[in-house]
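What follows is a single structure, written as structure tokens, with notes after it.
Read-outs: derived from the displayed coordinates by stated rules, not from any lab. Note that the structure is predicted; figures quoted are calculated from it, not measured. Ideal geometry is used to build each Cβ from the backbone, glycine not excepted, and the neighbour counts take in all protein chains shown.
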Amino acid sequence: MIRSVKEIEEAPEFKKLVTSRWVMAGILTLLVFITYYGFVIMVGVARDTLSTKIGVATTLGIPLAVLVIVISFVLTLVYVLWANARYDRIVATLNEKLER
Amino acid sequence: MQTTLGQPTASAILFFLCFVAVSLLITYWAARRTKTTTEYYAAARQITGFQNGLALAGDYMSAASFLGIAGLVALKGFDGMIYATGWLVGWPVLLFLIAEPLRNLGKYTFADVLAYRLANRPIRLASAVGGILTVVFYTIAQMVGAGSLIKLMFGLPYEVAVVIVGVVMLVYVLFGGMIATTWVQIIKACLLLGGVTLLMLLGMAQFGFNPGSLYAAVAANYGQAALEPGGLITNPLDAVSLGLALMFGLLGLPHILMRFYTVPDAKEARKSIAWATGFIGYFYCIIPLVGFSASVLVGRDLIAKIDKGGNMAAPLLAELLGGTPFLGFIAAVAFATILAVVAGLTLAGASALSHDIYVNVVKGGHANEREQVRVARIATVLVGLLAILLGILFKGQNVAFMVGLAFAVACSANFPALLLSITWKRLSTAGATASILVGAILATLLIILSPTVWVDVLKNPAAVFPLKNPAIVSMTASFAVAFAVSLLVPDRKAQAQFEVQKVRTYLAVGAE
């Protein structure tokens with residue numbers, strides 16, 4: 001039984017919770033970086049690729065710009081679903097132990 | 001086409017008066033529920049994740065992004081779309097790094113998080129400096145934009161427009177506090193999202209709801225180049241620096257951070273970002289369609305003739321497709337947008353003045369509930385009057401750089417200390433204070449020496465500092481100073497409290 005704040009801080013479940021939270025946050029932040037800077041760097045160095053026509057006049061750059069926004073939103077959802085399902089459950093178990 | 005832009009039309013005034021009447025009713029309702037500090041600053045923490053998501057979107061989607069990006073796309077084509085993407089990417093990062101710990105550790109302002117284990121007086125003073133500077137720069141941009149836009153749309157004199165915006169929003173914040181401000185943001189977000197959606201649909205109807213036909217028409221009128229990357233990104237380092245400022249600046253905007261205290265817990269804070277990202281992302285996806293439609297249907301010549309920056313592209317499209325009544329509606333939406341954003345900023349500035357400086361620094365945290373609310377209201381009036389004064393003072397000035405400056409200060413002064421106080425045990429009071437001050441001063445100084453101010457505003461031949469946005473230098477320096485000074489001047493007391501803070505950060509034990 002865990003009773004004090006000190007004990008809970010040292011509990012392996014708590015340490016694991018903190019680590020998994022920042023690993024998740026780190027990976028997702030990195031993905032946002034790759035998505036956004038990937039697009040910005042393409043604008044800088046791969047103009048011809050972005051200017052490729054994929055329709056009558058539509059260029060590849062247009063759907064890619066929309067994709068940057070869509071991916072950002074999807075990554076947000078991934079975090080929320082992960083936190084709602086996994087993170088909150090571990091928090092609830094740890095809090096129960098602390099209160100009893 | 002003939003346009004009634006610049007004349008106060010009956011429909012514009014009617015829609016605007018409707019908005020003001022409804023928002024004042026809400027303020028009256030909210031004022032009766034605003035007696036304690038938690039009600040005044042944090043809407044009694046009764047806002048749901050969905051409502052806060054809308055309110056966050058309302059705080060963030062300014063008239064400048066609505067009218068400005070539509071105009072940029074209309075005049076510059078694809079380059080405007082590139083610019084639009086940068087405004088969204090901060091939101092997921094805000095969720096991953098800051099939002100939940102901020103909610104669990106703080107009470108009313110982001111300085112609460114820093115003051116959790118660092119020495120109260122110095123850190124509150126420093127973060128109030130960072131916070132107030134950010135709010136002031138952001139407010140100048142909004143007020144000057146408000147004055148000029150309203151002059152363009154309604155033909156009202158600049159000063160009258162600034163005073164109307166200032167006084168109406170002051171009524172919301174002063175009497176209704178965060179409850180009224182939140183509901184004004186929610187209504188504004190719905191009006192803006194609805195109005196832009198309708199405008200986009202009316203525009204797309206002209207092209208058989210087929211984006212491909214729209215782009216073909218753009219290319220037929222202005223050449224294929226309108227759909228290709230042009231001259232927006234010439235220096236990659238500049239693009240990276242601006243990207244950093246947009247991404248991490250959001251994580252240091254006091255009026256955005258403050259909104260996370262209006263929800264009951266970290267879970268609702270998390271959900272509110274998902275909603276906000278959805279709304280804002282949708283907004284930035286459809287704005288380019290409005291811009292492209294305007295360039296084909298209204299024509300670049302007319303758009304540029306009325307306003308060089310293209311700001312009137314969306315209102316002109318509204319008039320062409322929906323006549324004067326729709327123009328009036330869109331103009332009123334733009335007005336409401338400005339009002340709501342300035343209200344949020346004023347409340348954030350007032351909370352830094354009253355909660356951080358007066359209650360915690362001057363009174364050492366000892367002030368009763370009545371006194372705190374009274375001081376909060378006095379601070380609100382001061383910040384509101386300052387906003388009006390700054391708006392008039394900067395009349396006719398080129399303030400395009402002000403939003404960039406606000407983001408640069410936010411990401412260089414507020415964000416590094418905030419992130420490190422949550423994650424790094426050895427962050428000391430001296431380290432955090434130095435980091436905030438260095439970040440704020442360096443970001444401001446480098447912007448003055450950059451091409452945006454040194455050349456464009458002060459008309460010097462060459463810039464002293466080469467980058468348009470200093471984030472890459474000033475934010476890095478701020479982190480470096482935080483590390484170096486914390487190691488040189490350690491803070492044993494702060495380190496000892498890190499464990500307790502950690503339990504509260506992740507388990508919400510003892511969270512407000």
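Amide H contacts under 5 Å for A:Thr59: A:Ile54, restricted to partners 5 or more places along the chain or on a different chain, H placed in the peptide plane at 1.01 Å from N.
Taking the beta-carbon count within 10 Å as an exposure proxy, list B:Ser241, B:Ser213, B:Ser354 from fewest neighbours to most. Write out the running numbers ahead of the final one.
Values: B:Ser241 22, B:Ser213 18, B:Ser354 30.
With the fewest neighbours first, B:Ser241, B:Ser213, B:Ser354 line up as B:Ser213, B:Ser241, B:Ser354.
Other residues lying with their Cβ under 13 Å from the Cβ of B:Pro229 contribute a combined charge of -1, Lys and Arg counting +1, Asp and Glu -1. Extents of the stretch B:154-297, largest first, come to 54, 40, 33 Å (Cα atoms, principal axes, whole angstrom). For the stretch A:8-24, the Karplus equation 6.51 cos²θ - 1.76 cosθ + 1.60, evaluated at θ = phi - 60°, returns couplings of 5, 5, 8, 5, x, 4, 5, 4, 5, 4, 5, 4, 5, 4, 7, 5, 4 Hz by residue, with Gly and Pro reported as x. What is the percent of Cα-Cα separations in the stretch A:5-99 that go past 16 Å? Of all Cα-Cα pairs in the stretch A:5-99, 66 percent lie more than 16 Å apart. Ellipsoid semi-axes for the stretch B:342-383, based on the Cα gyration tensor and the rule √(5λ), read 18, 10, 7 Å when sorted largest first. For B:Leu297, B:Leu227, B:Leu237, the sequence from fewest to most other C-beta atoms within 10 Å is B:Leu237, B:Leu297, B:Leu227. Across chain B, the longest run free of exposed loop sites, meaning trypsin sites (Lys or Arg not before Pro) lying outside DSSP classes H, G, I, E and B with no more than 11 other Cβ atoms within 10 Å, spans B:33-307. Take each residue of peptide A:42-53, count the partner chain Cβ atoms within 10 Å of its Cβ, and average: the result is 4. The packing ranking of peptides B:450-458, B:163-171, highest mean first, is B:163-171, B:450-458, where packing means the average number of other beta carbon atoms within 10 angstrom of each residue. Based on a Kirkwood Rh over C-alpha pairs, give the Stokes-Einstein translational diffusion coefficient of chain B at 25 °C and viscosity 0.890 mPa s in µm²/s. The calculation lands on 106 µm²/s. The alpha carbons of the protein assembly as shown give a radius of gyration and a Dmax of 23.8, 78 Å, in that order.
Note on B:208-216: average number of Cβ atoms from other chains within 10 Å of each residue's Cβ is 3.
Applying the Kirkwood pairwise sum to the alpha-carbon positions of the stretch B:353-476 produces a hydrodynamic radius of 16.9 angstrom. Counting neighbouring beta carbons within 10 Å and listing from fewest to most, the residues A:Tyr36, B:Tyr28 come out as B:Tyr28, A:Tyr36. Inter-chain Cβ neighbour count for A:79-85, averaged per residue, equals 4 (cutoff 10 Å, partner chain atoms only). Candidate cross-link partners of B:Lys502 among the lysines, defined by an alpha-carbon separation under 18 Å and a same-chain spacing of 8 or more, comprise A:Lys6, A:Lys15, A:Lys16, A:Lys97, B:Lys107, B:Lys267, B:Lys425, B:Lys493. Normalising the Debye intensity of the stretch A:32-80 to I(0), with uniform scatterers on Cα atoms only, and taking log10 at q = 0.25, 0.30 Å⁻¹ returns -0.90, -1.07.
Restricting to DSSP H runs of at least four residues, report the calculated mean residue ellipticity at 222 nm for chain B, -39500 (n - 2.57) per run over all residues, nearest 500 deg cm²/dmol.
Working: 23 runs with 364 residues, N = 512.
Here the helix-only value at 222 nm equals -23500 deg cm²/dmol.
Taken over the stretch B:14-148, the percentage of Cα pairs per 10 Å bin, counting from 0 up to the bin with the maximum distance, is 9, 25, 37, 23, 6, 0. Projecting label points 7 angstrom from Cα along Cα→Cβ for B:Gln2 and B:Thr36 puts them 6.0 nm apart. Residue separation of B:Val22 and B:Ile378 scaled by 0.36 nm, minus their Cα-Cα distance, works out to 125.7 nm of gained length.
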